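Participant: Would you mind keeping the following structure in view while I ask a few things?
The values are calculated or read from the model by the stated rules, or taken from the named source; none is laboratory data. All figures in this text were calculated on a predicted structure; none of them were measured in a lab. Positions of Cβ are generated from backbone atoms using ideal geometry, with glycine treated the same way; all protein chains shown enter the neighbour counts. In case anyone asks, the SASA skips ligands and DNA or RNA and just uses the protein heavy atoms, side chains included. Shrake-Rupley method; radii C 1.70, N 1.55, O 1.52, S 1.80 Å.
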Amino acid sequence: MAEFEFTEEQRDMRALVRTFCADAWPETEVRRLMDTPEGFDREVWRRLGGDLGILGLAVPEEYGGEGRGIVDLAIIAEECGRVVACSPFLSTVALSATALLHSADEGPRKALLTEIITGQKVVALAATDASGQWQPANGSVTAAQVSDGWTLTGAQSHVIDGAAADALLVLAQTPSGPTLFLVDPSAPGVTREPQTTLDQTRRMAVVTLRDAPGTVVGAVGGGDEAVAKARDVGAVVLAAEAVGGSQRLLDISVEYAKTRLQFGRPIGGFQGVKHRCADMLVAVEDARSTAYHAAWALDDDSVDDARVAVDLATVVTADAYRRVAKDTVQVHGGIGFTWEHPTHLYYKRAASDAALLGGRAAASERLAAGVLDAAS
């Protein structure tokens with residue numbers, strides 16, 4: 001039987017990142033960033049890359065990274081999720097950097113990865129269709145070859161950090177198949193419109209392209225696999241963030257249950273509250289196990305079928321996050337659903353994340369088709 005344990009180095013890194021996150025994103029700062037145009041602080045982003053050096057953990061050393069793995073990335077994501085961090089970690093590190101690494105194109109890969117790792121540039125991956133569905137094989141942007149390169153036309157919605165990004169990686173359809181293009185957001189024909197979202201701590205935008213110039217990244221027709229790899233890593237980061245958020249909600253629920261008195265005794269002494277907190281703990285630990293198993297499977301393909309592990313993590317963690325958020329409201333009573341209480345920040349992120357990158361519904365369908373149908 002295989003057994004997974006964090007190394008001492010990973011435990012030290014977690015402690016460092018937890019301290020950084022607590023300082024960078026206290027609740028007051030999260031609420032302030034929610035009202036800013038970009039939704040995150042670029043100086044904090046540069047410190048994550050330059051001072052802490054954690055944005056290149058999963059990037060090979062030949063590109064300036066640390067050459068570590070997805071488990072390390074999940075640790076960072078869990079700590080960011082604990083404080084509902086307002087940062088482009090998912091869009092830039094998990095999705096865009098992964099897509100670049102699997103694009104087999106040394107030119108834009110080296111240049112962009114260096115800027116991502118140091119926190120100098122925010123990059124968004126546009127691979128959802130005009131309705132926001134994750135369907136890379138049937139995207140809503142098409143590319144046409146012209147005399148001096150390629151132009152892109154179409155629109156993609158729910159592009160994470162699409163309005164603030166310094167560069168766009170756009171998946172577009174060509175006669176040879178889905179292809180990844182690098183697009184300058186300031187180029188003619190490119191418009192970006194911020195979207196109103198349930199989760200105000202994670203920004204999205206509609207990216208519209210009208211004969212916009214784009215540079216091929218990787219092989220023409222080879223973009224689907226790079227984007228599929230990016231989705232896997234992005235889904236694990238979302239799963240780990242859900243673990244961190246769920247753990248934080250459990251912590252504040254238990255603390256409240258120990259200190260809030262009713263009929264002269266802590267409410268945690270009543271079975272209804274006590275059992276609810278116990279169920280929350282089980283959900284958090286279940287989510288943690290599946291999230292890190294998926295990260296481990298991406299790092300070591302002998303562990304499990306990575307795609308199955310990732311989809312299972314999406315289903316389990318998304319469900320656990322929403323259930324724990326609901327239970328947190330119940331434990332806190334009326335104060336739990338007020339604007340002033342932090343629970344609503346986590347609740348909205350849980351609900352929003354459950355639909356990102358195809359979300360829980362699409363992952364359940366893939367698991368049913370790939371595992372249950374195959375076994376019947």
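Participant: Can you send over the carbon and sulfur percentage of the accessible area for segment 123-223, probe radius 1.4 Å, protein chains only? Working shown, then result.
Facilitator: Working: 2010 of 4010 Å².
For segment 123-223, the apolar C and S fraction of the accessible surface comes to 50 percent.
Participant: From the helices alone, meaning DSSP H stretches of at least four residues, give me the mean residue ellipticity at 222 nm for the chain, per-run term -39500 (n - 2.57), in deg cm²/dmol to the nearest 500. Walk me through the intermediate numbers first.
Facilitator: On the way: 11 runs with 175 residues, N = 376.
Computed mean residue ellipticity for the chain: -15500 deg cm²/dmol.
Participant: At 1.4 Å probe size, what's the solvent-accessible area of LEU281? Round to the nearest 10 Å².
Facilitator: It works out to around 90 Å².
Participant: Continuing with this model, one more query. Quick one: accessible area per residue over the chain, 1.4 Å probe, rounded to a whole number of Å²?
Facilitator: Roughly 43 Å² per residue, with all protein chains present.
Participant: Can you give the accessible area of VAL170, probe radius 1.4 Å, in Å² rounded to 10?
Facilitator: That residue has around 0 Å² of solvent-accessible surface.
Participant: Order THR191, THR98 by their accessible area, 1.4 angstrom probe, all chains in place, largest first.
Facilitator: Sorted by accessible area, descending: THR191, THR98.
Participant: Hey, another quick one. Can you give the accessible area of GLU285 in Å² (nearest 10), computed on protein heavy atoms with a 1.4 Å probe?
Facilitator: That residue has around 80 Å² of solvent-accessible surface.
Participant: If I take every Cα pair under 8 Å that is 6 or more residues apart in the chain, average their sequence separation and divide by the length, what percent do I get for the relative contact order? Write out the running numbers ahead of the final one.
Facilitator: Details: 726 pairs, mean separation 58.1, N = 376.
Worked out over the chain, it gives 15 percent.
Participant: Assign unit charges at the C-beta atoms only (+1 for Lys and Arg, -1 for Asp and Glu), then state the dipole size of segment 123-223 relative to its Cα centre in Debye, rounded to the nearest 20.
Facilitator: Values: 4 positive and 8 negative charges, 25 e Å.
Rounded to the nearest 20 debye, it is 120 debye.
Participant: Give the shape of segment 123-223 as rounded, prolate or oblate, defined through the alpha-carbon gyration tensor: a ≥ b ≥ c are the square roots of its eigenvalues, a/c under 1.5 means rounded, and otherwise the shape is prolate if a/b is larger than b/c and oblate if not.
Facilitator: In terms of gyration-tensor shape, prolate.
Participant: Just want the answer: with Cβ charges of +1 for Lys and Arg and -1 for Asp and Glu, which residue in GLY177, ALA278, HIS332 is farthest toward the dipole's positive end in the chain?
Facilitator: So the residue we want is HIS332.
Participant: Ordering THR201, THR196 by accessible area with a probe of 1.4 Å, largest first, what comes out?
Facilitator: Working: THR201 10, THR196 145 Å².
Sorted by accessible area, descending: THR196, THR201.
Participant: Post the alpha-carbon centroid distance, segment 165-222 to segment 313-369, in whole angstrom.
Facilitator: If you average the Cα positions of each part, the centres end up 28 Å apart.
Participant: Carbon-plus-sulfur fraction of the accessible area of segment 8-118, 1.4 Å probe, in percent?
Facilitator: On the way: 2100 of 4280 Å².
Solvent-exposed carbon and sulfur of segment 8-118 make up 49 percent of the total.
Participant: While we're on this one: Please give the Cα centre distance for segment 117-140 versus segment 235-295, rounded to the nearest Å.
Facilitator: Each part reduced to its Cα centre gives a spacing of 33 Å.
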